[in-house]
Structures are given as structure tokens and as C-alpha cells.
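> I have a structure here, written as C-alpha cells, and I will follow up with some questions on it.
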Amino acid sequence: MAGGGVASQFDPIHATQMSVEELEAIVEVAKDYGSYVLVHAYHDRSVNRAIDAGVRVIDHNFLVSEETIIRMKEEGVALSAQAVMSLEAFADPEGITFFSADQKAKAKSVNAGAQQMFEWAIKHDVLIVTGGDMFGPDVVRQAENVLWFNKVANNNLLSLKTATSNAAEVLSWSGGMNPYKDGTLGTIAEGGYADIILVDGNPLEDLDAILRQNVDFVMKDGLVYKNWLPDENAPAFQPAGPQRDAYFGNL
């Protein structure tokens, strides 16, 4: 937590938290494990202090300047973006009945900065991954983060990549701590982890195809968790167990 939060009742969003020395120590420990650090931060001071210390991913980032976005691109720092909360939920903070007046004010400021920040990040080709930041009844709406991001990006392929190959690239930064060492992520390829969804439609033409009601088939680690395909020969559901083949093998 390199800065305050919106939903954090006693954590002012303008705060810059942790010294450079503290952040550097955290980054050093992560490097010793062969991994990286992500920080929760919103504004220029907290984000730039984190980058100074070697942090590689910024979560939120909604109140930064274009200069900070340019620095993120130049130094290979990724953005974890939460489009539903920033663009939809915080567009009507008064509707969040459990927020205090201060929390509603923070939400309003984030909503005011979010679209511009996304536009700058897209303009300068920052590596963007889809972040959730959703809880309670909204936890099932993760696909809508991609849809809301695309309202700014207007680029179905780019928006899909934030949840697939871009996310896989950032996960690979965890090096020796990466639980997916034995194959590729984010691509459908021989030797890759068999994590696939099949949707009814072409998301490159209509991104709504990725919504839950349009998903006909779900495979995770080579196991089928959902199958609404009409073909009687299609793979059937298999419960997870200790013996399983998590890879495509020969396609």
C-alpha cells in the first residue's frame, strides 16, 4: 500500500505511504525470491516513489499525470486497471450507500481522472492488465472490466489482451515463484496450460461475447468445468484431482 484508498475509511487518498528505503527493501526481498512488487497507488508522488524503488506494477493509478504514464512506458512498469469500479461504480458514488461522505468524495475524484488516465496509458502503449477490485455481488462481473475498459480503448483486441497475453506476461515476471513454470500462459499452443473459454460469438467483432451468459465451454488446467456444447462427443466435466494432464500436448 504505497498510498491511501477510496474504500479505506481512515486512509486518505492523497497520502504517500512508505519511504523510498522501505519500498526498496520490499523490492529487494522480492528480487531475492526472483519475483516483483505491485503497489496500490493513485497519484504522481506515490507512483513515482514506487517506481524509484524498483516497483514493476501499479494498481489503480487514476490520478497521475501524463508525464508519469510516459515514465511507466519508458521503464517497463505495468498498469493494473480496474475499469468497472473507476468508470461505472464511482460515476455514481451517491449510490454506494455504505460509503461515507469522504469515501464518496474520493470515489468522485477517481472517476474524474480514470478516463484520462486510460487514454494516456493507451496512447503511450503502457502494458495494461485487467484488475478486478470487485467484491460481494459484483465478484462475478470480472468480464465487464474488459468491456468498460474498451469503452475508452475502442479496440477489442487490445482489451482482450489485457485479460490474456498481457496478464500472462506480467505473471511471468514472478520468475521462480511462478506457479506456471511448465508451459506458456495467454496463448493456445502446444505445451501451454490448457486454460480456455469458448464463447458464442466473435469477441473481435462484438466484445459482449465474453459475458458469462455467452460462455459455452470452460477448461482450466486441461479439465472441463463447463460444457454447454451440443456435440455429444465434446469433452465432459471432470472434477479436479491429483492425477491430471494440464497441458495440450500434441495439438
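The values are calculated or read from the model by the stated rules, or taken from the named source; none is laboratory data. As the structure is a prediction and not an experimental result, all values here were calculated from the model. Methodologically, a virtual Cβ is constructed for each residue, glycine included, from the backbone with ideal geometry; neighbour enumeration extends over all protein chains shown. Note: accessible area is taken over every heavy atom of the protein model, side chains too, but ligands, DNA and RNA are not part of it. Shrake-Rupley method; radii C 1.70, N 1.55, O 1.52, S 1.80 Å.
> If the only charges are +1 at each Lys and Arg Cβ and -1 at each Asp and Glu Cβ, what is the size of the charge dipole of region 97-154 around the Cα centre, to the nearest 20 debye?
On the way: 6 positive and 6 negative charges, 33 e Å.
Dipole size: approximately 160 debye.
> Taking trypsin sites (Lys or Arg not before Pro) as exposed when DSSP calls them loop (any state but H, G, I, E, B) and at most 15 other Cβ atoms lie within 10 Å, what is the longest stretch of the chain free of them, the sites themselves excluded?
Details: sites that count: Lys181, Arg244.
It runs 1-180.
> Kindly report the accessible area of the chain per residue (heavy atoms of protein chains, probe 1.4 Å, no ligands, DNA or RNA), in Å².
Values: 13260 Å² over 251 residues.
That works out to 53 Å² per residue.
> How much length is gained if the chain between Glu67 and Val20 is pulled fully straight, taking 0.36 nm per residue apart and subtracting their Cα-Cα distance, in nm to one decimal? Before the final figure, lay out the partial values.
Working: separation 47, 0.36 × 47 = 16.92 nm, distance 2.00 nm.
That works out to 14.9 nm of additional length.
> Which entries in the list Lys31/Lys151; Lys73/Lys161; Lys123/Lys151; Lys151/Lys226; Lys31/Lys220; Lys73/Lys106 go over 25 Å, if you measure between the two C-alpha atoms of each? Intermediate values should be presented prior to the final figure.
Numbers: Lys31/Lys151 36 Å; Lys73/Lys161 17 Å; Lys123/Lys151 15 Å; Lys151/Lys226 29 Å; Lys31/Lys220 29 Å; Lys73/Lys106 27 Å.
Checking Cα-Cα distances, Lys31/Lys151; Lys151/Lys226; Lys31/Lys220; Lys73/Lys106 exceed 25 Å.
> Taking region 74-156, which chymotrypsin sites (Phe, Trp or Tyr not before Pro) meet the DSSP loop condition and have no more than 15 other C-beta atoms within 10 Å? Don't jump to the answer; show the numbers that get you there.
Values: sites: Phe90, Phe98, Phe99, Phe118, Trp120, Phe135, Trp148, Phe149; in loops: Phe98, Phe99, Phe135.
For chymotrypsin sites (Phe, Trp or Tyr not before Pro) across region 74-156 that sit outside H, G, I, E and B with at most 15 neighbouring Cβ atoms in 10 Å, the list reads Phe98, Phe135.
> Determine, from the Cβ-Cβ distance of Asp102 and Val29 and an R0 of 25 Å, the FRET efficiency 1/(1 + (r/R0)^6), rounded to the nearest 0.05.
Working: r = 34 Å, r/R0 = 1.35.
Here the calculated transfer efficiency is 0.15.
> Probe radius 1.4 Å, ligands and nucleic acids ignored: give me the carbon and sulfur share of the accessible area of region 79-234 as a rounded percent. Mind dumping the intermediate values first?
Values: 4300 of 8090 Å².
Carbon-and-sulfur percentage of accessible area, whole number: 53.
> Each residue of region 192-201 in order: what ³J(HN,Hα) in whole Hz does its phi give by Karplus 6.51 cos²θ - 1.76 cosθ + 1.60, θ = phi - 60°, with x for Gly and Pro?
Couplings: x, 5, 8, 10, 9, 10, 10, 10, 8, x Hz.
> Now for a separate question. What number, in nm² with one decimal, is the all-direction average of the projected area of the convex hull of the alpha-carbon atoms of region 89-156? Kindly include the intermediate steps, with their values, before the conclusion.
Details: hull surface 20.1 nm².
The number I arrive at for region 89-156 is 5.0 nm².
> Right, here's the next one. Rg(Cα) of the chain divided by 2.2 N^0.38 Å?
Working: Rg = 19.6 Å, N = 251, 2.2 N^0.38 = 18.0 Å.
In units of the 2.2 N^0.38 Å rule of thumb, it is 1.09.
> Using modelled amide H (1.01 Å from N, peptide plane; none on Pro or chain starts), what sits under 5 Å from the amide H of Lys226, excluding residues fewer than 5 places away?
Val218
> For region 174-214, list log₁₀ I(q)/I(0) at each q in 0.34 Å⁻¹, using the Debye formula over Cα point scatterers of equal strength and ignoring solvent, two decimals each.
For region 174-214, the Cα-only Debye profile gives -1.10.
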